[in-house]
Amino acid sequence: MDTFFTSDTEQTRKLGEMLAKELCGGPARNASLASASSRSDAGGEVICLTGELGSGKTTFAQGVLRGLGVKGPWTSPTFLVVKHYKKEIPNPKSQIPNKSKISKSKIQNIYHIDCYRVKAQDILDLGWKEIIAGKNNIVIVEWAKRIRKIIPEKSIWVSFEHVNKNKRKIFIGNEVIGSGTGH
């Protein structure tokens, strides 16, 4: 578990962006983030965000989306529950002549889910098993503790705490910080 401190929304967004770049196999700018993600290719990740209201979950999620190259605007899916983004990923040029015209790119699905107003069964009913089974999918879940029983074991957990009015403490790792199911 690694600990980071941010003092404004842009720093929180930038931390989310750095995690996204680590997930995409970019250069390891931060050894702590690299160890938390420990993956070399983007896809199949579930990023679970926990913390009290206003602690930075949506801001961090916006940074992850920006870091993944998803075009904004990025707004909270609180009332929609699930926002689905598609990102086109170009395939490298084919080494076989005349094959490059067949498959120029693939689509990566990125889901931003807000569980503040729902329960695990609601998320299951929205296709959760299919979403997390997608090898190229990246899933960001706010209020993830509320659906903890259906979260895959190898998820990345990001917990937010207020230190004071402007400062946040952010824990990133492969385990849940804190107790209870409300955050």
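Shown in residue order for the range 137-150 are the 3J(HN,Hα) couplings computed by the Karplus curve 6.51 cos²θ - 1.76 cosθ + 1.60 at θ = phi - 60°: 7, 10, 10, 10, 10, 8, 6, 5, 4, 5, 10, 3, 5, 10 Hz (x for Gly and Pro). Shape class of the range 113-166 from the alpha-carbon gyration tensor: prolate, with a/c at 1.5 or above and a/b greater than b/c.
Taking amide H as placed 1.01 Å from N in the peptide plane, Ile89 has its amide H under 5 Å from the amide H of Lys106, Ile107, Gln108, each at least 5 places away in sequence or on another chain.
Label sites at Lys135 and Asn166, each approximated as a point 7 angstrom past Cα along Cα to Cβ, lie 4.8 nm apart. For the range 152-157, the Karplus equation 6.51 cos²θ - 1.76 cosθ + 1.60, evaluated at θ = phi - 60°, returns couplings of x, 4, 8, 8, 9, 9 Hz by residue, with Gly and Pro reported as x. Label sites at Tyr116 and Ile89, each approximated as a point 7 angstrom past Cα along Cα to Cβ, lie 3.0 nm apart. For the listed residue pairs Lys57/Lys145; Lys119/Lys165; Lys106/Lys135; Lys57/Lys167, the alpha carbons are over 20 angstrom apart in Lys119/Lys165. Between Thr75 and Lys106, the modelled label-to-label distance comes to 3.2 nm, taking each label 7 Å out from Cα in the direction of the beta carbon.
Between the amide H of Val139 and those of Glu45, Val46, Ile47, Tyr111, distances stay under 5 Å, these residues lying 5 or more places away or on another chain, with hydrogens modeled in the peptide plane.
Since every read-out is calculated from the coordinates, none of them should be taken as a lab result. Just so it is clear, the model here is predicted, and its values are computed rather than measured. A quick note on method: Cβ atoms are made from the backbone with ideal geometry, for glycine too, and the neighbour counts reach across all protein chains shown.
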